[in-house]
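Only the coordinates and a few stated rules stand behind these numbers; no lab work does. Fair warning: this is a prediction, and the values are worked out from it, not measured in the lab. Cβ placement follows ideal geometry from the backbone for every residue including glycine, while neighbour counts extend to all protein chains displayed.
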Amino acid sequence: MEQIEQKPLTPDTFMQGIKDCVPTLLGYISIGLAFGVVGIASGISVLEVFLLSVLVYAGSAQFIFCGLYLAGAPVTAVIVTIFIVNLRHLLMSLTIAPYFTKYSTLRNIGFGTLLTDETFGVSVVAAGKEGRLGGRWMDGLNITAYTSWIAACTVGGIIGQWLPDPEKWGLDYALVAMFVALLVLTLASIPKEKLMHYIKLIAIMVISMYGMLYFMPGHLAVLLSTMVVATIGVVLEK
Amino acid sequence: MTTSLAMVLLILGCALVTWIPRIMPFILVKNMKMPKIVLRWLAYIPVCILSALVIEGFFEKEEAFVTVQWLNVIAFIPTLFIALLTKSLSKTVIAGVVTMAGLRLLFG
């Protein structure tokens, strides 16, 4: 993040992508470790923790997987829930994809495969500031995040038996704090005259989330509220 | 370090339904032009989704009512302050974690 602010344009290199991923690593590592611990506690093996982080690669979905597995949910219920939880990636991909149309389909599939809340946040901040995104930079960001996540989850699984409750140390809050920072950075790249419009939308978001939580689980409320409030944003423009 | 065929298949199923929404837009957007109204709508997605993810932690459904999670709301204030002041991801994360650890020590 700091690098972007000082330079007019982020160089499109793999190395710069790695550098811009570093500030998010504390978040990845603490949540990954926590996931490993929770996974073992819910009765899945270290190998399964590893497979989930490699193949599913989505923090909230992996936690929900453990919860459902522990509850003995049927296979279809697990898969449908994971699908809904991760449907927000569709919106994120839609937002990021237009920046990469000049790259091959195969590389685009690569960008999409490794998209997460965090890499989305980092790239959307960079895109907001510079109006462009580079493929090599994106790969550096994505691959650093991916390997750190797998390593953190697996290590979390291995040491899980001895690690005291990670919540006690506030580490679970790393994820929320990261979203707060990404939100502030995104807002910082918005033109001043539009800022009030966005603040209004965030206020509407609070009401929307509160109301929707009466009727649905959190992940569904995030998805629906985002779609509803973005629509309100378009309607109330100007 | 063990697993079963059923478990591997379940994980693969979850991987597939996670992968498709991730890659579909990248394939579609490359091959078609999106209407202006959709692009305007998409411009709001980052702020909406990030604020929704933050706000999700403010509330919890407890039996009949959705209640405010005061600890999370209180921790949010210094976290937001540090984010506004430093505009730094790493400093905000550290501030958030330290605040939450402190609050849990006091009130947890």
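Mean-square fluctuations from a GNM of chain B, with a 10 angstrom spring cutoff on Cα atoms, peak among B:T86, B:T67, B:T18 at B:T18. Placing a pseudo-label 7 Å from each Cα along the Cα-to-Cβ vector at A:K200 and B:L16 gives an inter-label distance of 4.6 nm.
Set the Förster radius R0 to 41 Å, insert the Cβ-Cβ distance between A:L70 and B:L28 as r into 1/(1 + (r/R0)^6), and round the FRET efficiency to 0.05. The formula returns an efficiency of 0.65 here.
Measuring r between the beta carbons of A:E193 and B:L85 and using R0 = 35 Å, the FRET efficiency lands at 0.90.
Screening chain A for whole DSSP H helices with an alpha carbon extent of at least 24 angstrom along the helix axis and a mean Kyte-Doolittle hydropathy of at least 0.5 yields A:14-41, A:135-159, A:192-212, A:218-235.
Ignoring lysines fewer than eight residues from B:K87 along the same chain, the ones with Cα atoms less than 19 angstrom from its Cα are A:K7, A:K19, A:K129, A:K192. For the range A:64-119, applying the loop criterion from DSSP together with a ceiling of 12 other beta carbons within 10 Å to the trypsin sites (Lys or Arg not before Pro) yields A:K102. Here the translational diffusion coefficient of chain B follows from Stokes-Einstein with Rh set to the Kirkwood radius across Cα pairs; for 4 °C and 1.567 mPa s it amounts to 71 µm²/s. Pop the C-beta distance of B:I74 and A:K238 into the FRET formula with R0 = 41 Å and round what comes out to the nearest 0.05. So the FRET efficiency works out to roughly 0.65.
Comparing A:M15, A:M205, A:M196 in a Gaussian network model of chain A, where Cα atoms under 10 Å apart are tied by springs, the biggest mean-square fluctuation is seen for A:M196.
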